[in-house]
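The structure under discussion appears below in the form of structure tokens.
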Amino acid sequence: MEHSKLVPLSILKKEKFSIIQIAEMVINFYKKLTAIDVNYNRIKVISERNSLYENININDGTAIKHLADEILNRNIDDIRKIDKVENPDVNYSRDKSIIFSLEANIEKEPLITLNYSLSTLTPRIGSIVVNETCFDTFEKAKFFLETVETSFPIDYSVIKISDRVLNKVARGYKAPLGWVTYFSNDYEIPIPDDLEGIEYEHTDNGKYLILTQENPTDPETLEANRQKLLGVMEEIKGRVPEYSK
């Protein structure tokens, strides 16, 4: 499998959810994603513990309950040890993270593996494995972020460009930009609406910043896109000092 150089990351608002509520949001998220790729129809839990179900069909009436059972199974040792709750059920909620990883496959190869960490501390959804077909068009990348936004309470979300130079510089910023970046209206930092060379799309809940509508990792344009992103992030820092860590 060829891995993509485009990787999603989403930071959620700090809200508390029960395991069953989390499962419902996640299943609805994958259902929406099937509009652009039917391979999101089945998901599999990645865990060191034995899975309760080999696969979960998101269109099955038991999907939410099965995923909730899997999430509880993945976190039960931590809940017992840290929270001192011996027999939690799927209605359990906690301030500390509920953690799990889900994989959707394409022809027996991973399409995308998403890692979920939902808590009232630093809730996030990210990925370490992305098939190159996952975001091979602007439409797919934008649709993915739109689906995240309409499925979860999102503060900031991005399709990152996995690049050594960008990654190194991005560590100095609170919300690094990528191919497509979303900021909610109540994001803690006021991101300017007139950044040089950036296309904007405003929604009721926030705004999208678009670097380009072409694949930014093409060898012919990668360097130009890298320099553009670096320049724009430096511009934000100059205008909004709190953007810098």
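Read the figures in this text as sums done on the coordinates, not as results from a lab. Remember, it's a predicted structure, so these values are computed and weren't measured experimentally. Cβ placement follows ideal geometry from the backbone for every residue including glycine, while neighbour counts extend to all protein chains displayed.
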Open item on the list: Can you tell me the length gained on complete extension of the stretch D194 to K13, counting 0.36 nm per residue apart and subtracting the Cα distance?
Closed with: 62.6 nm
Open item on the list: For volume of the Cα convex hull per residue in Å³, one of [x] 142; [y] 132; [z] 124 was computed from the structure I shared and the rest are decoys. Which label?
Closed with: [y]
Task: Within straight-line cross-link reach of K32, lysines at Cα separation under 25 Å, skipping those fewer than 8 residues along the same chain - done: K5, K13, K14, K16, K44, K65, K108, K140, K142, K160, K207
TODO: For R164 and T221, calculate 0.36 nm times their separation in residues minus their Cα-Cα distance, and state this gained length in nm to one decimal.
DONE: 18.9 nm
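Classify the stretch 15-135 as rounded, prolate or oblate from the Cα gyration tensor: take a ≥ b ≥ c as the square roots of its eigenvalues, call it rounded if a/c is under 1.5, otherwise prolate when a/b beats b/c and oblate if not. Working shown, then result.
Values: a/c = 1.85, a/b = 1.69, b/c = 1.09.
Because a/c hits 1.5 or more and a/b exceeds b/c, the stretch 15-135 counts as prolate.
Using DSSP H assignments, which helices in the chain have an axial alpha-carbon span of 18 Å or above and a mean Kyte-Doolittle hydropathy of 0.0 or higher? Mind showing how you got there, number by number?
Numbers: long enough: 19-33 (21 Å, 0.86); 63-78 (24 Å, -0.49); 138-151 (20 Å, -0.16); 222-239 (26 Å, -0.63).
Those that clear 18 Å and a mean of 0.0 are 19-33.
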Open item on the list: Can you pull out the chymotrypsin sites (Phe, Trp or Tyr not before Pro) in the stretch 150-201 whose DSSP state is coil and whose Cβ has at most 16 other Cβ atoms within 10 Å?
Closed with: none
Task: Cut-off 20 Å, label 7 Å out along Cα→Cβ of D95, residues of the stretch 122-165 by amide N - done: 122-124
- [ ] Between I106 and E201, with labels modelled 7 Å along Cα→Cβ, what's the label distance in nm to one decimal, could you check?
- [x] 2.0
Open item on the list: Please compute the length gained on full extension between V240 and K31, using 0.36 nm multiplied by the number of residues separating them and subtracting their Cα-Cα distance.
Closed with: 71.4 nm
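GluC sites (Glu not before Pro), restricted to the stretch 72-156: which are DSSP loop and have at most 16 other Cβ atoms within 10 Å?
Numbers: sites: E86, E103, E107, E132, E139, E146, E149; in loops: E86, E107, E132.
In loop regions of the stretch 72-156 (DSSP not H, G, I, E or B), the sparsely surrounded GluC sites (Glu not before Pro) are E86, E107, E132.
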Task: chymotrypsin sites (Phe, Trp or Tyr not before Pro) within the stretch 10-77, DSSP loop, no more than 14 other Cβ atoms inside 10 Å - done: none
- [ ] Specify which residue in the list T212, S47, L229 is farthest towards the positive end of the charge dipole of the chain, using unit charges on the beta carbon of Lys, Arg (+1) and Asp, Glu (-1), about the Cα centre.
- [x] S47
